[in-house]
Every structure is written in C-alpha cells, then in structure tokens.
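The values are calculated or read from the model by the stated rules, or taken from the named source; none is laboratory data. A quick note: this is a predicted structure, and the numbers were derived from the prediction, not measured. Positions of Cβ are backbone-derived with ideal geometry, glycine not excepted, and every protein chain shown enters the neighbour counts.
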Amino acid sequence: MSFFLIVTLVKIALVFAVFMTTLAYLQWVERKVLAHIQSRTGPLRVGPHGLLQPLADVFKLLTKEDLMPPHANKFFYLLAPFIAVSLALVSISVIPFGPEVSVWGGKTFMEIGGLNVGILFILAVGAISVYGIALAGWSSNNKYSLMGGLRSSAQMISYELPFTLVIVSPLLLANTLSFRGIADSQAGYYWDFIPRWSIFQLPFPQIFGFIVFMIAGFAETNRIPFDLPEAENELVAGFHTEYSSMKFACFFMAEYANMVTIACVATTLFLGSWHPLFPAPYSDWVPSLVFVGAALWLFLQSGKIGRKGDHITFPLFGIAALGFAVIFAIPFLQTYLVPIFWFASKAGFILFTYIWIRGTLPRFRYDQLMHFAWTFLFPCALINLLLTALMVALFPEQK
Amino acid sequence: MNLWLIPLCPLIGFLLSGLLGKRLPKQLVNIICVGSVAASFGLVIYLLSNIYPVNTPVTEHDFTWIQSGGLKIGFDLSVDRLTAVMLLVVTGVGLLIHTYSIGYMSHEEGYGRFFAYLNLFMFFMLLLVLAQNLLLLFVGWEGVGLCSYLLVGFYFKEKFAGDAANKAFIVNRIGDFGFMLGILLLVIQFHTLDFASIATAVKGMPVESSMGALSIITLLLFVGACGKSAQLPLYVWLPDAMAGPTPVSALIHAATMVTAGVYMVARVSFLYDHAPGAMHIVALVGLATAVFAATIGLAQNDIKKVFAYSTVSQLGYMFLGLGLGAYSAGVFHLMTHAFFKALLFLGAGSVIHGLSGEQDLRHMGGLRKAMPITFVTLGIASLSISGFPFFAGFYSKDAILAAAYESASPWMFWVGAATAGMTAFYVFRAYFLTFFGKYRGHHHPHESPFVMTFPLMVLAVFSIGAGKFLSVPEWLAPMFPVTEHGSMQPMIISASFGIGGILLATLLYVIVPSLSDSVKSAAGPIYTLLANKYYVDELYAAVIVKPLTLISRTVLWRGVDEGLIDTGLVNGLGRVAQALGEVARRWQSGSIRNSATWILAGSLLLIFILGLGVR
Amino acid sequence: MDSILFIIAAVAAIGCGLNLVLQKHPISSALSLIGVMSSLALLYLLLGAEFIAMAQMIVYGGAVMVLFIFVIMLLNAGAEKRSDKSLFAQIAGFPLLAVLVVLLAFLIRETPFPSKISQVQFGSWVPGGSAEAIGMQLFSKFLYPFEVVSVLILIAILGAVVLARKEID
Amino acid sequence: MIEHIPIWWYLTLSAVLFGLGVAGFIYRKSVITVFMSIELMLNAVNLTFVTFSYQNKNIDGHIYSFFVMVVAAAEAAVGLAIILTIFKNRGTLQIDEIDSMKL
C-alpha cells in the first residue's frame, strides 16, 4: 500500500512536471516552426533562440489585469476555464508511457493510473470538456463568445462520432479497452522488421483509420483547419474573447494539453505506443545515435557565421546532446528511458504534424465543417470499423 | 415428405402475381403462375411415386391450428388413394387450363389479376383435397367459393357478371350454412373433426334404420354439397356462373370446384354408410338433378349454358353413384368428367375465342374447316360425355348405371339411361350447330394458337383413354369395396341410349336441319318451358328474393338500421360520450404540471396496492 | 474508505439534485444535473459497474446534457417566471411528494435484505460490469432488444431531424 | 466508520433523487427544466438497477440501465427537437403557457 502510494505520488509529480514543461515549450516550438514555415525566425530575444520565451509569457499573463465583463454570469464565468484546464490535464493520467518496470525492488507500470476502461475514460473526459468552452461562451455574455461556444459544442458533438467510431477499430484488433493491453498487443514484428503497430497490423491495417482519427482529433482540439470557435476574423477570439490573464492562460493550456493528449492516444492506439520501430537490440542504441548526430550537426553549425552568440550556444547545446547520448547509452537506464524516447518521438512527430498543418492549411467554412463531419468523416469511420470487424471475424488467427 | 409444399407453390404464385401483377410483364406472370402450378404438379407426381402404392394414408401434422377445450384441430394434411386421384386431377387439369389461359386471356385486361385468382384457387383447392380434418377442408371449401366469386365476377364492369358472382356466392351461403351446421353437430357428436378418428368412432355405431344423428349430420353435409356441386334446388348459380372467363368455367365450374361436394361425400363415406336413409335421399336428389338439368340443356342456345347444364346433370350422376353406395364409381365419373368436361369447355372457349366473343349457337356453324383441331377434340369430348363405347365417359357412366341397375330400385337405372340419351342429344346438338351446316355468324373465325390447342389435345387423349386405362374403381378398391356387376345388360342399354341420342341429333341438325324447327314448333309450350329453364329463377325471385328485399327494405333498413342503430346506438353513444366529456373536460385543464401531479397520485396508489399488498 | 467515497458522492448527488430543483435558471439546473450524473458515475464505479459509469459520462454527460445546454443557449432561455396557473399542482404537489418519499422509505426499511450479500465493498465483485461481460450479454441474451433499440434510435434521429427543420411551422 | 456500505443506502439515495426529480417535474415552470427532471428520475432508477444487479451479482441490471440510457438519449433528441419547435411556434418555454390541449 505505502509502496504503491509513494510510487504513484512520484509518478504524478514526474508526469505533471514533464507535462507542464511540454505544454510551455510546445507553444515555443509551434511559434518557431510556424516562423520557419513562413520563413521568419520566430522568438529570438528572450534567451538563446527565445528558449526562455515561455517563462516570459507566463510572467506576462500573470501580471496582466484580470478583467470581468459587467453582465457576465460570475459563477460560470469563473467555472468555465477551471473545467477546461482540469479536464484537459486529467486525461493524461491513464496513458502508459512504457512497459512494466522495477523500481526499488517493486514493480510498477509507467503510467499514473491504469484503468481497464481507459479508452472510455478518455472519451468521457473529452465529452465533458465541451462544457468548459460552451459555458465560457455563454457566461461571458457576448455575442461573439456565444457564437464561439455554440459552434464549438456543435463541432465537438459532431466530431465525437467519427472520433469514437474510429477508435473502436484498433480496439477490435487489440481486443481490450485498457491502454496497456492495447500497447502490449502491438508488440513484436512481422518478419522481424515490420512492427505490429495497429497501422500495420493484420488482418486489417489501420492506416486509413489513423488518418480519420487525426482529422477528427484536429476538430476535437479546435485546431486549424477546424478552429472555427476561435476564428478571429469572424468572431474576434471566439469563446475566450472576454477572458484575460490567467483565465485565458487556462484555455490556452487546455488547448495544448488536449493536443498532447490526442497525440499520446494516437501513439498508443495506432503507432504501437512505446514499441520501437526496429527490433531490439538495435532499437536500444537508436536514441544515443540520434543525439550524437544532433550534437555533430550543432558543432558543424557553430562553425558557420550565424547570429550573434550562436558560436557559444550551439556547442553548449551540442554538449548537452552528447550528455543525453551518454545517458541513453547506460544499459541500466535504457530500460526506463528507451521506451519513453520512442513514445515521445512518436507523439512529438504527431504534434509536429499539428503545427505543420496549421502552417499550411486554410480554415474551413462552418457549413463545410459540419458537412465534412457528417457526410464524409462519419461514413469513413463507419466503413473502416465494418471492414475491421469483418476481417477480424474472418481471420481471427491473424490477431 | 412435406405435403404442405404442394399448396404452398400456388400460394406463392398468388402472392407474387397478386401483389406486383400490374408491374410485371406478362411473360413473367406466365412463368410465375403456370410455373407454380407445374411445380405443385411435379411435387404431386414425386410424392405419389415415393409412396406408391398408397396402401396406408400418409398424414402429417404441421401445427396445431385451434386448441379450445377438448377440441383440438391441427393443420393436418394427408394423402390416401382418394386424395391421390383428386390431387392428380386438380393439379393436372389445372396445369393444362393455366397453360390454355395464357392464350385465351392474352387480349384481356387484368391479366395478372386473373392468374393471381387462379393460383389462389389452386391453393385452396389443394388445401381442400389434402385436408385431414373437416374444418380445414371447410377452409378450402370457402376459399374456392371465394375464388369462384372473384373469377365469375372477373368482368366486373358488366352488370351481369357482378350479379352472377353475387348469385353464386349467396346460393353457396345457403349450402355452406347447412355444411357448418353439420360440422358443429359432428363436433358435438364426436368432439373431433379428424377424419380418421371420426371413422374409428363411427365403426362402433350401429347402422341407423331411421333418422338418427348420423343421418341428420350427413344430410346437412349433403346440403353443403348441393350448394357447392349445384344440385337441386341450389343448382341455379352454376349456369349463371358462365359469366366468368371460359377457362374459369372449365377449371372451377366443370373440373374441380363443383366436384368438391362429390369428393367431400366420398371422403366422409363412412358416415353415409351408417345412414342409408340419407344415402337414398342423396341418390334421389342426384337423379332428379340429372334429369332436370338434362331436359333444360335440350333447349339452350348459349354454348356455355348447354355445357353448364350438362355439368349439373353429370354431377347429378355422380351423386346418384354416391347415393347408391358406389363411391368409387362416383369418383371415377368425377375424374373422367373432369377430363371431358374441361375439354368441352376449353373447346367452347376456343370457339368463342375464334369468333372473338360469340357464344350463341345460332350465330355459329360450319366451323370445322376454320378450326380443325377444336373440331376433332370437341368431337372426342362429346363422344366421351355421351357414353360412346370405349370412350372415358362410357366406363364411368356405365359403372354408375350398373350400380343403379343392381340396386334396390332399378327404375333409377332406366331414368339414368334415358338421361344419358338426352345428354348425348343436346351435347351433339350443340356440337353440330357449332361445326356443321353453314356459317351463320359475321365474325371471321380462326383457329386458336398452339398454347390453347395443346391442352385440348392432351385432354382429348385422356378423354379417350382415361376410362380404359385409369380404372379408378380398382385403384380405390381397398377404400370402397367395388360391387362386381355380372351382366353386360346395363352397359349395352345405356350405350345404345347414348348412341340413339347422337343419331337423333345427327338427324335433326345435320341431315335435315329444317326438321329441327318443326319439332321445336310442335313441342311449343314444352320448348318455351325448357328454354326458360322451368322458370326456376323467376320462381325463386318471386318466392324468396322479393319478400326478402321487401322485409329488408321496410323492417331492417327503415326500422332496425335507421331507427335502432343510427338514432339509437350511434347517435346515442355520441350523445353519451359528449355528456361524459362535459364532465371529464374539467380534469383536462391542459396544464402539464397538473397532469403530472395526477400521474404521481395514481402511481402512489399503485405503490400502495402493490408494495403493501405484496408483503 | 468506501463509505467516505460513498458519502461524498451521495452528498454531492443530493446537493446537485436540490440545486436542480431550486435554481431558477435552466443552465444552473443543467449544470447541477451534470453534477448528479458525475457523482452517480462514481457510485457506479463503487458498485463495480465501470462500463456503466463510463457510459453514463459519455452518453449522459457527453451527449444528452450537451444537447440540453446547446438548446438552452440557442433559445437563450432566461430564468423562469412565476405563474399562478395549474393550482392543483401547486397545492396537491407537495403533500403527494411527501407521501411518496415516506412510502418509499417505508418500503426500503421494511424490505428484508440478506445481510451478507447486501454489503457493498469496492472491488469485491470481479469482473463485475466489465465492458467484456456487458458485451457478451448484450450480443447473446439481449440481442433482440439491442437490435430493436438501434431501430428506435434511428427513428428518433429521423424524428428529431424532421421536427427541428427550419420550414416547420 | 463503516467499511461496507449496506445496500439500502444506495436505495435510499436513489429514492431521494427520484423524489427530487418528481418535485422538479411538478414545481418547475420551464419546459427544459421539467425535461431535465425526467432525466433525473431516470438516473435514480438506473442507480437502483445497478445496485440490485450488484446485490444479485448478476449483470442484467447493468444491461437494463444501459438500455435506459440509450432510450433516454433518443428521447432527449426528440424532446429537445419538440421544445425547439414549440419555441419557434409560441415563443415561450413556460410550461403553463403551453396549454392548447385544453378543451
């Protein structure tokens, strides 16, 4: 009991810290990537390459004046951001980041709370999180906010169907509802080089389902091209028009937290969770190699004439990367870190896709959005589900 | 062996063609309907070949239909030798006539409807034949009645067709009423309607010398038979039923349905065996009908009417045979009659078709050039019906007459023989008027298509050979012990009567046609009497119909309907409802919350009763 | 441990229920109803009905109540006004209600529960209402009801679409 | 402090919730709220289902409550559509204004 409690507390602390940092820096990454997509430089001033920008932002938000519109419904106005952020943060707790590992003589899973209906939990939380936005839009007593709230609730309800439906297909392959079970079911390789991830898994690879899932996920998190609730050129800033300072930050955080959650879920459901791309033992050394490569690149870059200070910062980064490489090379730590590395890289890739698409695609029109959801995405998910079920029923031995 | 498949095929055909008959192309309708009948025919053949020889009846219990108190009526089908004969006749002749109808109805409208009705008829007829208990038989009985109604009234745009249909239906009601009473008495008597169990129950009972329960039952059943098989006094519907299309007349009003009565009597023969009095009455009625109808047939000018009356009189023959205890003879005549009478009607239909609707003998004549096949086949049929030696009719009619000859009352034989002579005469009269002499009509006669003539030929073959080669009495011997008649005498006599009739007809209508008119004028009053069918219809109209309509107009309509029901019940109820509503509307405040409160109160009451009552 | 959780959930449920009845504004009622549902979901978890708990959150919390809130926002339904109509409900409502509560309490008290199985202990019933067990039942024993319900839902969708169309009047 | 909770606690809770639902149905004046009270009653009943199904260690109760949920969802869809229509036609959500069923 006590061991369980302690370990759980430690895990919570770890995950929370990492998660928060991720959120903060995800936003920095987004700005950087967008900038480079648009051939700008992005944040530079605060710290080397704007690395301290997130801290600055947090500081700014904290010190801003906290406005409250006069005719707003106080209670709900205050409740909304709370709901949004708390629900967004809670759903990370059932995601497994790695296999069962032994610490201090005990055994534990690399997740905060394993739930054998984890998927349903995620769905439930996602379903509830509509209220944050809807209430925010309604309570701030502003027509733009209301429109934003209505839009987002309608949008979220509509996209929940394909989202849920397409989730079912990998569940059929894995034959369980718990994330850990799903992750375990994707272990191993075909012919020792094709991983048994859901997107490759027989009898019915889920590539199509993965795409549908990603699209629905974009809509669920109100990201471009589905960010109608906060379409600035139509409704100022949508449901959080009236929010400022920390409450605004809550919504902001919530959005990014949802992104991360979706990425993690996608990784677990479709991309084989923490299972590496290459069979062991090679996979254990991939992280070190990656970091060494990064270090080399940084050293080479520092040679060129870059911006002022680069010739100092780049080597430092390089050294840091080397340090990581060394850490990842320690066999004792590998058991813990390598799975996390793989998981993180997959999730990171998905997050990058998010930003990438934001940088490339224009926004939908609202009717197009709904039309797309009901007449295209929903049937697609349905067909995918039917085909999967059929194949699983026909070739049960393949599973 | 699944017996239920046999009636199922036509039912499916009926459903398909009846539901989408309008949309389907004619060819598809043909395939469905004729195919379904052909399927059941094939099933029958397969079945019989499987269980041949049918020494013990094959029975199957499909499901329990009615279960009330001690009475348990199942959907039971069974096949014994009698059923086998009927099955073959019904499906075989039915198949031929379906084929024929393709040609005959080709120009008519309501094509799909016609075939749908025909298939429905086949279904009910097969049900009737296969039924193992009297109630199921009754279902088929009523069903065929319904189909007959529908098909007689097929040209419902003409008034006479509708009237004829109504007449057929209503007259049958009278018979069916008796039939139903008989069934009820049977239930009271035996607490079952299953043939087998009734038979075993009857075995124990003594033969009734005087009028007993069995006699009454059998007589009531016979009333039903009279209605269905057009015996005196209920025969009147059959001649009018000719208003329907000719294939219908052939299938329903000659070959199959009208013989249902005969079949039924033969089916419950074990009852009749114990009621000699009833049997005597059956014989008398049959004989009387035979004579009566034959005499009317002498003076008819509508070709179908002639054959209709001959049907009535032939049915009379069958009942004569049954009444004399020669069931096998009756059934035998039933079969041969099915062949040659169907042939007669189909031939007549072919003539009518060729003359595009002309039915009056006076506008025919000299058609043997125009339609040779019809000419030959119809001739065969006529010979067969008039008992010309070694044709089918000869054997069966002889079997009956022989039974009469050796029965307690030989005078029946002489009357029957004379009737045979008359039959031969009027059938050939019609035949000669149709095919000989010179053409008196104004249409352009032409031979019918092969699809119509083919059935004619097949039936012609049977009309010749059925008597000699399909000897029903031997086949039915295990069920109905056949009385071995020694002397050739009755055979010779009846045959000579028949031939005499033929010769007379030849004399009057071929050799010296002028003679016929002089005979007609000589027998003036009698002729008119016959031509007007003894004024029976008028009699019925005066005695029964008029008073009925009068009563219903005055008492029932004005008095009961308008007075009692309309003002009393309908409006009265309305007023009561209004008054109640005046009271109830106080509660109906339209306020949802009040209604909810009432619901709450009611549910509380329920909880009181249940929750506290249970404990 | 269990009893603490139970008491928390129960108090939350009753409090939210009361709030539903007492609040004047529809949206407050809706929010409190959501509260009731969430606490009921927790209770379901205590009763080993994890699937039902999640379904409760997804179906009720995620779909039904969102619809409610959506409609409330769409119609911009304000706080409700007093009305002097339906007096019967005003007068007879409360006594009947009291009778109902008393009656139910009485029945519950009087019903004999076999003591050993009538004790709820968290996690004592495995697998309990796991998704697998429910699915098994649903597709074997309750197949026909299931199919019928699916048809029902289809009809409901059509009905909703037809009713909520613009040009209806 | 009790470690095991008696069944009747659950039953009482659901009874109370049901009573609250009835009260809401009778005393609230907005159609939407009345509708929500119905949902509350349904939930209360669901709780009893699940409780009894725990007592008998038999999963049927769960199935029943599942069906109740599904039906409630369908009902909510149709009911809210009806409410929308009512509002469109009469411009009010006050339940006492909607009394055209009165003779």
Do you know which residues across region B:203-218 are of a type outside the set (G, A, S) and in contact with an Asp or Glu (Cβ under 8 Å, 6 or more places away or on another chain)? B:V207, B:L214
Here is a list: C:G135, C:G129, C:G123. Which entry is at the interface with chain D (Cβ under 8 Å from one of its Cβ atoms), modelled with pLDDT under 90 and either under 29 Å from A:V117 (Cβ atoms) or part of a helix (DSSP H, G or I) (or both)? C:G129
If the requirement is being surrounded by 16 or more Cβ atoms within 10 Å (Cβ to Cβ) and farther than 19 Å from B:A293 by Cα, which of these qualifies: B:I544, B:I499? B:I499
Subset of region D:37-59 (residues that are farther than 21 Å from D:L93 by Cα, assigned to a helix (DSSP H, G or I) and within 7 Å of chain C (Cβ to nearest Cβ)): D:N43, D:L47, D:V50, D:T51, D:Y54, D:Q55
Test result for A:I37, over 17 Å from A:Y256 (Cβ atoms), more than 14 Å from chain C (Cβ to nearest Cβ) and aliphatic (A, V, I, L, M): yes
Do you know which residues across region C:36-48 are away from chain A (no Cβ under 11 Å) and either in contact with a Ser or Thr (Cβ under 6 Å, 6 or more places away or on another chain) or not hydroxyl-bearing (S, T, Y) (or both)? C:V36, C:L40, C:L42, C:L43, C:L46, C:L47, C:G48
State yes or no: is B:A460 more than 18 Å from B:T289 (Cβ to Cβ), in the same structural domain as B:G321 (by TED's automatic domain parsing) and modelled with pLDDT of 80 or more? yes
Please give the number of the condition B:T59 fails out of (1) under 21 Å from the mean Cα position of the chain (by Cα); (2) in a strand (DSSP E or B); (3) β-branched (V, I, T). (1)
Just to verify a result, which residue in region A:101-154, among those that are polar (S, T, N, Q) and surrounded by fewer than 24 Cβ atoms within 10 Å (Cβ to Cβ), is nearest to the other protein chains (Cβ to nearest Cβ)? A:N116
Residues that are closer than 26 Å to A:F226 by Cα, touching a residue at least 40 places away in the same chain (Cβ under 8 Å) and assigned to a helix (DSSP H, G or I): does region A:172-195 have at least one? no
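The rows are residues; the columns are (1) within 14 Å of chain B (Cβ to nearest Cβ); (2) within 18 Å of C:I157 (Cα to Cα); (3) outside any helix (DSSP H, G or I).
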| position | (1), (2), (3) |
| --- | --- |
| D:S65 | no, no, no |
| D:V68 | no, yes, no |
| D:V71 | no, yes, no |
| D:V78 | no, yes, no |
| D:I82 | yes, yes, no |
| D:F87 | no, no, no |
| D:T92 | yes, no, yes |
Within region B:180-218, residues being buried (at least 19 other Cβ atoms within 10 Å of the Cβ) and under 15 Å from B:I281 (Cβ atoms) number 5
Failed item, numbered, when B:L184 is tested on (1) without any contact (Cβ under 8 Å) to a residue 24 or more places away in the chain; (2) touching an Asp or Glu at 6+ places or on another chain (Cβ under 8 Å): (2)
Taking the criterion of being assigned to a loop (DSSP other than H, G, I, E, B), within 14 Å of chain A (Cβ to nearest Cβ) and under 28 Å from D:D99 (Cα atoms), would at least one residue in region C:148-165 satisfy it? yes
Go over the candidates B:E447, B:E474 one by one and state the one that is surrounded by fewer than 21 Cβ atoms within 10 Å (Cβ to Cβ), among the acidic types (D, E) and touching a residue at least 40 places away in the same chain (Cβ under 8 Å). B:E447
C:L74 out of contact with any helix residue (DSSP H, G or I) (no Cβ under 6 Å at 6 or more places or on another chain), surrounded by fewer than 23 Cβ atoms within 10 Å (Cβ to Cβ) and facing another protein chain (nearest Cβ under 8 Å): yes
Out of (1) of a type in the set (G, A, S); (2) more than 11 Å from chain A (Cβ to nearest Cβ); (3) more than 19 Å from D:Y64 (Cβ to Cβ), the one C:G62 does not meet is (2)
Every residue from region A:76-116 that is in a strand (DSSP E or B) and of a type in the set (V, I, T): A:V101, A:V103, A:T108
Looking only at region A:53-88, how many residues end up being small (G, A, S), surrounded by 20 or more Cβ atoms within 10 Å (Cβ to Cβ) and within 13 Å of chain C (Cβ to nearest Cβ)? 1
Tally of residues being of a type in the set (F, W, Y) and either in a loop (DSSP other than H, G, I, E, B) or within 19 Å of B:L128 (Cβ to Cβ) (or both) across region B:183-202: 1
Please work out if C:V151 is at pLDDT 85 or above and exposed (fewer than 14 other Cβ atoms within 10 Å of the Cβ). yes
Being away from chain A (no Cβ under 11 Å), within 15 Å of A:I128 (Cβ to Cβ) and buried (at least 22 other Cβ atoms within 10 Å of the Cβ) is the requirement here; does C:L31 meet it? no
